[in-house]
Structure formats: C-alpha cells, structure tokens
Amino acid sequence: MSQKQVRTRYAPSPTGSMHIGNLRSALYEYLVAKSQGGVFVLRIEDTDQKRQVEGALQKIYDTLKLAGIQHDEGPDVGGNYGPYVQSERKHLYLAYAKQLVESKHAYYCFCDKERLDSLRQSQEHEGAKYDRHCLGLSEREIKENLDSGMPYVIRQKMPTEGSVTYHDAVFGEITVPSSELEDQILVKSDGFPTYNFANVVDDHLMEITHVVRGSEYVSSTPKYILLYEAFGWDVPVFIHLPLITKEGGRKMSKREGDASFVDLIDMGYLPEAIVNYVALLGWSPRDNQEIFSLKELEEVFDIKGISKSPSTFDFEKLNWMNREYIRKMDLDAFHAKAIEEYKKASLTETTADLHKVSQLLRERIEFFTQIPENVDFLVKMPDNYDLNMYNHKKMKTSTENSVEFLEASYQSLAQLMDWNFQSIEKALMDTVETLGVKNGQILWPVRTAISGKQMTPGGAFEIADILGKEETLSRLQISMDRLKTFNENQ
RNA sequence: GGCCCAUUGGUCAAGCGGUUAAGACAUCGCCCUCUCACGGCGGUAACAGGGGUUCGAAUCCCCUAUGGGUCACCA
C-alpha cells in the first residue's frame, strides 16, 4: 500500500432513523480511519428525491453525535472535497457518464417504464436482465431522440463474457460471472445519478481509500470495479461487513420496526454501551477484552478482526454491558441522570438523601428506568405488605418472634443520638449480641419492617440511614402493631 | 430460480494442520450474605452432515443440507 492518507466515508441516505446496522457501518468506517490516523467523512446520498424524509438529516447528525462518532468532513463541518451532499453535486455526474458513453462503456437508453415492466413480466424469474434494446440504436437514432427531448437514461454496458473478480478485505476473492451483471442505470431520467454511480464518482473525487459497507453490496461490487476500470481510477479497498440479524436470523430493517439507535436510547441504554456492544458484533479484538471506550477501539481496531458470518443482536448481552457501564459511571454523573427518575417516583431530597440512594442503586440497576420501582418504598411504605415475609426459615424468624426482635431493635435505635450508618449498625449488632441471636434474626425483620418489601436496594442499615430516625421508628412501630394484631387473631 | 456468501455451545466468539476446542453473555449449582445486586468457585453445553487430501483435520478440497444476501430509473 502507498502511504496515502486513509479516508473513509459514511454515506447514508436521509430516509429515516439510523438502525443498528447503519450505526455499525458508521462506527467501523470511523474506526478503520481512526485506527490508521485517517479521516472520516460524512456524505449525504440524497439522489432519490422521492424518498427524502423530513428531519432525517438531523437524526443522522444527532445519532452520530450521541454515539461520539465525529466526522472530520461533512455538510455541516465542511472540508476540501465538498459539497458533501449529492444533490448539490448533481451537475458533476452527467459529464462523467457521458465520458463513459464516449469510451463505449455506457450507452443511452430510451426505454420507458411500460416497456421495462412488460419486459420483466414476460421473463419468468426475477433476475432477468435488461434486454439491451437500446444498445443497438444507431448514432443517428440516438441523436434524433436526444434532439427531440425524449427522456433518457444512461446505462452501463457490461461485458458479455468472462467474469469479474475483486479482492475484499474480509471476504477475500469474490468472482461473479459477467453474465450476471445487468446493464445498470448510471444516470436516471430526472438527471440524478443512481446510488451506484454517484458512489463511485464521489468516492473517487473525495479520495476515499476504504469503502466500508454492509455485505448486501458484495454482489454488486463487480459493477463498481468495472466502473473504476472504465475510468482508469484506483480501486479502493473494499471492506464488506457481515450483516447484523435479529433473533431468528433475519436482517434488521427499519421497515420491520427494528430498534434504531435512538429507540435503544429511549429504552434506557447508554450510548457508550450500545457503541461498545455493536463494535463487538462482527469484530473481535486480539485478546479477550470486552469493555472498550471509543478511544480504546480507535487504538486496537483492526480489519483482520472482522468476521464473515452474520451475527445476531442479543439484548441479553447488551443488558449486561449496559449494567457494566452504569456501574463504572462516576457517582456524580450517575446521580445527575438518576434525578429525573427520582422525580418520577416523587422521591425528593426531603424524603431521603438522594446521593446515598444513588450509591446503592448504581451497583444494582441495569437501566435507569428501573429506578422508580426500586425506590418507591422510600417515599411510602407499602400499606398492606404481606406479613408472611416475616416467616423466613433460613433467617429463623416468624411473625411471632419478629415482634420481640423488632421491639428490642426499636429500643436500641430510639436511644441513638447520632443517626448514621455506623451508629445504626452498632446499635443493631449490639442488639444481636444482647439477645444472643443470629444477625438475620434482627436484620431481616428490621429490613422488612421499614421497607415492606421482599427485596430492596441495600439492607437494614442503609435503609434506616436513608429514612432517618423519625421515619424509621415510625415504620417500625406500624409494623410491630400490625404484627401484634395479626398474631392475636391467629 | 440464477449468482454470491456463510455455517464452532441458546447468543457473541477465539482458533488459521497436532489444543484437555479459549473467553464473554445467558443458564444451573455452591459459597459469601439481613433481601436484592456485587464478588468467588464449579457445572451443563459446540466444530451442520458426508466424502476426500494428510501420519494427523474445526482448520485444506469436493458434494449435500441449512441460513443469509442480491437480482429497481432504492440506497
């Protein structure tokens, strides 16, 4: 390879939100460039005027930004190879197409939609190709048609014999018989280039060195190769990525409503976790590291680690990764994000020391959206929680002996002047010792009595600390009263 | 249907002719433990099938099967 600077590009069409496959393409384009000190450019392919979607461009910017995948050149940041929006480059393509007509690599075609449709219908299977009807037109016929303003397209003339072979950085040698190649349209009748053509022209003009894209393009790549050869241009390195499928093996698609990046964000996944997870879908590092920051990925990414076979998007693993990221968050950052959820649960600074709550939660939640259900009991103890929770075989507690244990705990807690984790712990552990019972016999009932829940983030010490003395004692009293009433009625 | 590609445990995957076939997620069990979570230890579980080549094949070749991709004036 030459020492030319590596340049990659992400070239989405603004037709909707970015699904996971798109995101992964963008990520790998970015990583291929950055891992080699290269440049990553964003180019918008809006040559299909009919499919433009309002706001789609903004979504692309937003997604890239959220994911931390920043482009060095693009419509919004400029660069020396602009414009970066294909509709603004429209005038360029026709000249290149005509150049191909001159060199006999392409030709004018005047067939209308009706003829093409009936042609397709008369052929049995899909895959039937254009019959080259217009290839036989004479110079004069072409000129007449053109002069009369008849709509036309320009088609690429494929070789009739042999095959086309190219080398793919991940799939290796790919050979396709020429007979499989259709005389594809380069310039449409509305004057816009097709994706395939604009792509080649722009990649060349923008000096793209590595074309990274989904493997759905492997079989059309020979057509690209032919184009590069017809122009006499250097062929870039092709890196086709294995597809990401959903459970069951189907390709992810927007049409089927599969999760887009922003959907996942809305579900509560952290952008970093998604990026990390997606990086590992179809690529693996030399060692067994799994948690990577974008920066780390930029350093260790290697094309050799890209696999050929499609991979299934697995939410279970993403969940795990999300939790890993949450646990690694700086406590202040966690807290800042958690506050929104506390609000949803009506949990305020007056009911509890929210920093302490955050500390407990950071170790336990998988999603921020799980916070409300985890803190509801702090706001208000469940009214009629099941007293059966006191009957715990392993803890050796029952609705009967719990009354006694709770009373002893109440007494020792009530005497506390300083109310904090340490003092609470000492008071309760002293109670354990005084009564000569197991830790669990005191701590299980206390935790139950002040939370009313089977499971809580944190144990008796933490919860009592967060609740404060007054509330803790009040809850203990309520629970003891309920227990007594219950026992008497047995 | 033609063409192209793929196929290691449920999932992500390492492996590039000689390994007890890694590791992670999930799952199960045990330990730790006042619940949950964390952590620790351990278990179940894979080379799609058949032929070759080779002293030796998950690794190379062929066939079959399965899965996927692609066959637009869409990208």
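Quick note: the coordinates plus some simple rules give every number you see, no bench work behind them. All values derive from a computational prediction rather than experimental measurement. Neighbour counts run over all protein chains shown; Cβ positions are idealised from the backbone, glycine included.
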Which condition breaks for A:C111 when tested against (1) within 11 Å of RNA strand B (Cβ to nearest atom); (2) in a loop (DSSP other than H, G, I, E, B); (3) closer than 20 Å to A:K223 by Cα?
(3)
Need pairs with beta-carbon distance below 7 Å; first residue within 16 Å of A:Y224 (Cα to Cα) and within region A:160-173, second in a strand (DSSP E or B) and more than 10 Å from RNA strand B (Cβ to nearest atom); sequence gap 6+ or separate chains.
A:Y166/A:F238; A:D168/A:F238; A:A169/A:V237; A:A169/A:F238; A:A169/A:I239; A:E173/A:H167
Report, by residue number, each residue of region A:442-490 that is of a type in the set (F, W, Y) and surrounded by fewer than 22 Cβ atoms within 10 Å (Cβ to Cβ).
A:F461, A:F486
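Conditions (1) in contact with a strand residue (DSSP E or B) (Cβ under 6 Å, 6 or more places away or on another chain); (2) closer than 24 Å to A:I244 by Cα; (3) not in a loop (DSSP other than H, G, I, E, B), marked per residue:
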site: A:P12; (1), (2), (3): no, yes, no
site: A:E29; (1), (2), (3): yes, yes, yes
site: A:G82; (1), (2), (3): no, no, no
site: A:A97; (1), (2), (3): yes, no, yes
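To keep it simple, each residue is scored yes or no on (1) free of Cβ contacts under 8 Å to residues at least 12 places away in the same chain; (2) in contact with a Cys (Cβ under 7 Å, 6 or more places away or on another chain); (3) of a type in the set (A, V, I, L, M, F, W, C).
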| residue | (1), (2), (3) |
| --- | --- |
| A:T350 | yes, no, no |
| A:L354 | no, no, yes |
| A:Q359 | no, no, no |
| A:L387 | no, no, yes |
| A:K393 | yes, no, no |
| A:T399 | no, no, no |
| A:G436 | yes, no, no |
Top-ranked residue of region A:418-441 - restricted to ones that are more than 20 Å from A:K356 (Cβ to Cβ) and away from RNA strand B (no atom under 12 Å from the Cβ), ranked as surrounded by the most Cβ atoms within 10 Å (Cβ to Cβ):
A:T431
For region A:171-182, state whether one or more residues are under 17 Å from A:Y108 (Cα atoms), of a type outside the set (S, T, Y) and surrounded by 14 or more Cβ atoms within 10 Å (Cβ to Cβ).
yes
Assuming A:K113 fulfils every condition listed in (1) of a type in the set (K, R); (2) within 41 Å of the chain's Cα centre (by Cα); (3) surrounded by 13 or more Cβ atoms within 10 Å (Cβ to Cβ) apart from one, which condition is it?
(3)
So which helices (runs of 4 or more DSSP H) are wholly in region A:253-341 and hold at least 3 residues that are within 15 Å of the chain's Cα centre (by Cα)?
A:261-267, A:271-279, A:315-328
Residue check: is A:S103 farther than 29 Å from A:M206 by Cα and more than 40 Å from the chain's Cα centre (by Cα)?
no
Scan of region A:305-316 for residues that are near RNA strand B (Cβ under 6 Å from one of its atoms) and in contact with an Asp or Glu (Cβ under 9 Å, 6 or more places away or on another chain), ordered by number
A:T312, A:D314
Tell me whether region A:81-99 contains one or more residues that are away from RNA strand B (no atom under 13 Å from the Cβ), surrounded by 13 or more Cβ atoms within 10 Å (Cβ to Cβ) and of a type in the set (V, I, T).
no
